[in-house]
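S.K.: Structure below; questions to follow.
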Amino acid sequence: MLRLDRLPHIWCPGCGNGIVTQAFLRAVHKRKMDTDKLVVVSGIGCSSRVVEFLDFDTVHTAHGRAIPFATGMKIANPDLNVVILAGDGDIAAIGGNHFIHGARRNIDLTVIIFNNFNYGMTGGQYSPLTVYGERAATAPYGMVETPFDMCELAKGAGATFVARSTTWHASDLTGLIDRALQHRGFSVVEVVTGCHVNYGKLNGRETPVKMLRWQRDHGVPVDKYHQLSEEDKVGMFPIGVLYHFTRPEYTHEYGKITGR
Amino acid sequence: MQGNRACALAALHAGMRFFAGYPITPSSEIADFLAAELPRCGGSFIQMEDEIASMGAVIGASLAGVKAMTATSGPGFSLKQELIGYAALCEIPCVIVNVQRGGPSTGLPTSPAQADVMQSKWGSHGDYPMVVLCPSSVAETYELTINAFNLSEMLRTPVVLLSDEIVGHLYEKITLPGEPDIVLTERKLPGPCPAGKYHPYDTDSMSDVPVIPNVGTGFHCHITGLIHDGAGFPTRDPAEVTSLLERLHSKIESRKRSICLVERREVDDARVVLCSFGASVRSCFQVVREGRSQGLEIGGINLKTVWPFPDFVFKELPANVETVLVCEMNRGQLKGEVERVSCGRYRVVGLNKCSGTMITPQEIESALEGLL
């Protein structure tokens, strides 16, 4: 499932993107997906370059536009399994509008978000997911904006399967992606991943190990998270399946009109 | 039939089965009609969240092997430009209809203009070729929409149908061709999937159109908006970069004579030639007709293709032509092109109007005074 002739990849040593990619491929393998019918679509950024290394039909689109491309593909050929791999800047900022509308339509796409809290490829600028108070190349005095919670956003916008994990919780991640791939509807898996080179070094987590420890210490299984006091929840985030719901899927609904 | 309706109908007849759009006048009727008709033909219509998304969805559908189109106007056309460049570089067939209205910015909704000539060629960043067709009547809208799909599929390139508010909203009688008379061109697809790696962008010659498989057919190809090599993967090798950009232009330039559709009337013995495109052609041709009946030595040229610019038409004008009067609802975008290729052989004069109203035959007659 890898284009071995395209390796080595472009990521920095210690980057978390490889762990997310591996979890995705394990899920595809586990699910025994027909890789001839699997299209992986990405936008622009470090993580979006992943598609170059995957041995499926792969489309590296424009910044933020993976979901519209994927939407056109899925409608044109509903037999395709279309997966979007996207970074936090790509999907939450420039592609934010497409993300909420994809969720609203509940079109059968799976979005895996590589959330490293910053724009790594351009040198570590802040993104809509940068943690409040933490620093980035363009937030040298600390982030003053409140970040999106992508999982809550997805849920609010109408996504029907929403999960979160981290690269520390890699084995759980494979299971979550597997469930997302299985789900018929708009499914979202947010993966908190490390960028020690740009983001970590400005926030006291300058090694991959420190990035992973931070994920271990801040990601709380969703059941436990809900038992925490409001005070203890501050700075923590729930992981696992956060939301799972069934409602009509877009291509199915449109198929009723066309009779397909 | 209305111009916009003729466009939508022709698209269906051309085999278009996916439309994504965003509401904007004066192009709305195209989306309205297709929302009703596409599901009946087994096709799909979707109204996306914005203009950019609709362009993206069109490219996605085309990658999946379905002929796809979007329609927009003014500000919407501006928003689509980045992805038009993507389609040009990645060689993904698609048709973009721009029913022009007055600009810049929100401009004049909904009054006519022809001021997107240069934008339709240069709207996206970087050097890329464009094919742009301009209908001057409802019948031509039908004809050129079919052509737009054929050229797009044959050349694997985005094609713009540059209509305008007048033509889009014009009602005229037209004779529709019978189904056997509609000649359609389909994109070339590779044969059975080879055992080794397939190189979708490899071509035999610099003017060749690559044979790129649709997604979901087992080829496992990579499509990227990065400059790519024959295998489809990113490259920064200067020779490969040059080669791709050369080929993109060459595949269009080498076929310019067949892509360029030009209608000439009474040009052979004319002293003054009225040159135009789109709605303004109608006033020009009326003046030619009436002028000829009064013995005036005038002719007319209707550029149904504005890009690639049909420079040969102006290089090959007979020696008796003293003046070319370019009539357009903008500040002289096409006139500049005619001037560029005239090489001083004749005078190039512009009749330009940017008032949100059409160029009338009377205005052309006034402009002719002193030229004949």
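The values are calculated or read from the model by the stated rules, or taken from the named source; none is laboratory data. What you see is a predicted model, and the numbers here were worked out from it, not measured in a lab. So basically every Cβ, Gly included, is an ideal-geometry build from the backbone, and we count neighbours across all protein chains shown.
S.K.: Output yes when any residue across the range B:16-39 is surrounded by fewer than 19 Cβ atoms within 10 Å (Cβ to Cβ), over 19 Å from A:N77 (Cβ atoms) and within 11 Å of another protein chain (Cβ to nearest Cβ), and no when none is.
M.R.: Taking every residue of the range B:16-39 in turn, at least one turns out to be surrounded by fewer than 19 Cβ atoms within 10 Å (Cβ to Cβ), over 19 Å from A:N77 (Cβ atoms) and within 11 Å of another protein chain (Cβ to nearest Cβ).
S.K.: Of the residues B:K251, B:K173, which single one is surrounded by fewer than 14 Cβ atoms within 10 Å (Cβ to Cβ), in contact (Cβ under 8 Å) with a residue 24 or more places away in the chain and either out of contact with any Asp or Glu (no Cβ under 6 Å at 6 or more places or on another chain) or over 30 Å from A:V82 (Cβ atoms) (or both)? Outline the logic, then answer.
M.R.: Details: B:K251 fails: surrounded by fewer than 14 Cβ atoms within 10 Å (Cβ to Cβ).
Going through B:K251, B:K173 in turn, the sole match is B:K173.
S.K.: Is it the case that B:R101 is within 17 Å of B:E165 (Cβ to Cβ), touching a residue at least 40 places away in the same chain (Cβ under 8 Å), of a type in the set (K, R) and in the same structural domain as B:Y171 (by TED's automatic domain parsing)?
M.R.: Numbers: within 17 Å of B:E165 (Cβ to Cβ): yes; touching a residue at least 40 places away in the same chain (Cβ under 8 Å): yes; of a type in the set (K, R): yes; in the same structural domain as B:Y171 (by TED's automatic domain parsing): yes.
Criteria met by B:R101.
S.K.: Taking the range A:76-92, which residues are surrounded by fewer than 24 Cβ atoms within 10 Å (Cβ to Cβ) and either within 9 Å of another protein chain (Cβ to nearest Cβ) or in contact with a Leu (Cβ under 8 Å, 6 or more places away or on another chain) (or both)?
M.R.: Taking the range A:76-92 first, the residues surrounded by fewer than 24 Cβ atoms within 10 Å (Cβ to Cβ) are A:77-81, A:92.
Answer for the range A:76-92, where residues must be surrounded by fewer than 24 Cβ atoms within 10 Å (Cβ to Cβ) and either within 9 Å of another protein chain (Cβ to nearest Cβ) or in contact with a Leu (Cβ under 8 Å, 6 or more places away or on another chain) (or both): A:N77, A:D79, A:L80, A:N81, A:A92.
S.K.: A further question on this structure: Failed condition for A:T110, given (1) under 19 Å from A:H9 (Cβ atoms); (2) more than 9 Å from chain B (Cβ to nearest Cβ); (3) of a type in the set (S, T, Y), with all others met?
M.R.: For A:T110, the failing item is (1).
S.K.: Hey, another quick one. Just to be sure I understand, how many residues within the range B:47-67 are crowded, with 23+ Cβ neighbours inside 10 Å and at the interface with chain A (Cβ under 7 Å from one of its Cβ atoms)?
M.R.: Looking only at the range B:47-67, we keep the residues that are crowded, with 23+ Cβ neighbours inside 10 Å, and these are B:48, B:51-64, B:67.
Among the residues that remain, those that are also at the interface with chain A (Cβ under 7 Å from one of its Cβ atoms) are: B:48, B:52-53, B:56-61, B:63-64.
Final tally of qualifying residues: 11.
S.K.: Give, as residue ranges, the strands (runs of 3 or more DSSP E) completely inside the range B:272-321 that count at least 2 residues that are touching a residue at least 12 places away in the same chain (Cβ under 8 Å) and surrounded by fewer than 24 Cβ atoms within 10 Å (Cβ to Cβ).
M.R.: Ranges flagged: none.
S.K.: Still on this structure: Which numbered condition in (1) free of Cβ contacts under 8 Å to residues at least 60 places away in the same chain; (2) away from chain A (no Cβ under 11 Å) is the only one that B:I227 fails?
M.R.: (1)
S.K.: Shifting gears a bit: Among the numbered conditions (1) surrounded by fewer than 20 Cβ atoms within 10 Å (Cβ to Cβ); (2) within 14 Å of chain A (Cβ to nearest Cβ), tell me where B:P109 comes up short.
M.R.: Exception for B:P109: condition (2).
S.K.: Can you tell me how many residues in the range B:104-147 are more than 20 Å from B:A88 (Cβ to Cβ) and touching a residue at least 60 places away in the same chain (Cβ under 8 Å)? Lay out the reasoning, then the answer.
M.R.: Here is the first cut: in the range B:104-147, the residues more than 20 Å from B:A88 (Cβ to Cβ) are B:104-115, B:135-143, B:146.
In the following step, the residues that additionally are touching a residue at least 60 places away in the same chain (Cβ under 8 Å) were identified as B:108-115, B:135-143, B:146.
The total comes to 18.
S.K.: Same structure, new question: In the range A:1-89, which strands (runs of 3 or more DSSP E) lie fully inside it and hold 2 or more residues that are among the aliphatic types (A, V, I, L, M)? Spell out how you get there, then give the answer.
M.R.: On the way: elements: A:38-42, A:57-60, A:81-87.
Hits in the range A:1-89: A:38-42, A:81-87.
S.K.: Of the residues A:A170, A:A180, A:A159, which single one is surrounded by fewer than 21 Cβ atoms within 10 Å (Cβ to Cβ) and either under 14 Å from the mean Cα position of the chain (by Cα) or under 30 Å from A:E249 (Cβ atoms) (or both)? Spell out the reasoning first.
M.R.: On the way: A:A180 fails: surrounded by fewer than 21 Cβ atoms within 10 Å (Cβ to Cβ); A:A159 fails: surrounded by fewer than 21 Cβ atoms within 10 Å (Cβ to Cβ).
Only one candidate qualifies: A:A170.
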